[in-house]
1. On average, how many beta carbons from a partner chain sit within 10 Å of the beta carbon of a residue in B:70-81?
2. In a shell of Cβ-Cβ distance under 13 Å around B:GLN223, excluding B:GLN223 itself, what net charge do Lys and Arg (+1) and Asp and Glu (-1) give?
3. Give a quick list of trypsin sites (Lys or Arg not before Pro) in region B:19-77 that DSSP marks as loop, anything other than H, G, I, E or B, with at most 15 other Cβ atoms within 10 Å.
4. List the trypsin sites (Lys or Arg not before Pro) within region A:1-58 that fall in a DSSP loop (any state other than H, G, I, E or B) and whose Cβ has at most 16 other Cβ atoms within 10 Å.
5. What does the convex hull of the alpha-carbon atoms of region B:1-71 project to on average, in nm²?
6. Taking the Cα centre of region B:17-66 as origin and charging only Cβ (+1 Lys, Arg; -1 Asp, Glu), how large is the dipole, in debye to the nearest 20?
7. Specify the inter-centroid distance of region B:154-172 and region B:117-150, based on alpha-carbon positions, in whole Å.
8. Order these by the 10 Å Cβ neighbour count, fewest first: B:CYS53, A:CYS41.
Amino acid sequence: MADSPDFETLVARHYEPLYQFAFSLTREEAEACDLTQQTFCVWAAKGHQLRDVSKVKTWLFTTLHREFLGSRRRQKRFPHLELEAAELELPVISPDVINRLDAAQVLDVLKQVDDIYQAPVALFYLQDYSYKEIAEILDVPIGTVKSRLTRGLGKLHQLLAETENQPPTP
Amino acid sequence: MNINEAKTILLLYRPGTADAEDPQVAAALALTKTDAELACWFEQHCARQTALCAKFRQVGAPAGLKEQIISEQLAEIRLNARRKERITAAVALSVTFAALIFIVISLAPHFSGADRSLGAYQNQMANTATSGYGMSLLTNDLTQIRTYLAQSGAPADYTLPPALEKIPVAGCAIESWSDKKVSMICFRTNPALAANQSDLWLFVVDRKSVKHIPETSVLQFAQSGPLYTAAWTQGDKLYVLGTRGDEATIRKFL
């Protein structure tokens, strides 16, 4: 097993993608900063319990997501939907439309997607995590990840397509 | 797998990732090679995915976030270190204090000011003999004295010098030395003395209760306060015989 990286190296390596994930969930800079910092605080206190150092990144994202859920005090159970059960209308959106938007606009659109789809979609686009890794981070079955991604991406694309028809913000 | 099913599957495909290793995705990808409409859709899809990935990654962390996380954690570490130091210091202080208490208690008898030397013992016994003690048993019978001392827990298995055995005994008392009982056997060499008076005293004590006694039975003579004394050891006992006079006087009784 490789040695655990020191705290500064760990922060330098992971704070930015963690912040991006936090920001995609909260859309609030201060809250995203707090979540990121809290994640590293949890690491400082409990990180030594992680035996497999190769799982550090997943551990950090899982912790951040849990902290986010804790901050929202969400207690409701998420429905488990298999991919086959998802009804989907595939949207048509030009890549040019996406390219005309900036990151904040894309995340604003993501914010309009149902909460349970936001985290898997953000992880899907942010870090190239495999479906299995996203399932580990979110602590849900891989089938649930796929169904949420299918619905979440569908909704995101649909909302992005709608922005195409909206007049530009002055 | 039809075209719509393939699109549904490929919606989760990100170009340049390990998504292609998924068996369902691989099958759908294979279909893009044979279906022109799907291939066209897939090309657009890859461009969308690439653009969206880029947008998500454009979000930059605020300047100074990294430094803030590290500095606050370092502050926390320092705070914890100070807490730990204080606790360690308190524990060390407590242990040191406890050790000091233990040492003081252990060594107290040695440094309590009580002189447990032979000279001190001789002086104390001489002063006892000359300062109005009371005999606890008045008898001229040495056997009775020995029995009484034994019953009282004082040294009783002593051996008298031959000359001393011939001196009339007046009685005995039990004195104390360093928490040990001392057998005080009182003799009367002057027949004119009253029955409860004596002028020659033998003190017997456990030799371990007196410090720095030579490991020999050689007689040691000394002026001990108002009396002249002779001291010797035999077995586990220390004997001190005292009377008024000098060495020649006391030698007559040994």
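Throughout, read-outs are computed from the coordinates displayed, never taken from laboratory work. This is a predicted model, so every value here is computed, not measured. Note that each Cβ is placed from the backbone with ideal geometry, even for glycine, and that neighbours are counted across all protein chains shown.
1. Mean shielding count: 2.
2. -1
3. Values: sites: B:LYS33, B:ARG48, B:LYS55, B:ARG57, B:LYS66; in loops: B:LYS33.
Passing both the DSSP loop test and the Cβ count: B:LYS33.
4. On the way: sites: A:ARG13, A:ARG27, A:LYS46, A:ARG51, A:LYS55, A:LYS57; in loops: A:ARG27, A:ARG51.
Qualifying residues, ordered by number: A:ARG27, A:ARG51.
5. Averaged projected area of region B:1-71's Cα convex hull equals 6.1 nm².
6. Computed charge dipole of region B:17-66: roughly 440 debye.
7. What the calculation gives is 11 Å, centre to centre.
8. Working: B:CYS53 19, A:CYS41 16.
Ascending number of Cβ neighbours within 10 Å: A:CYS41, B:CYS53.
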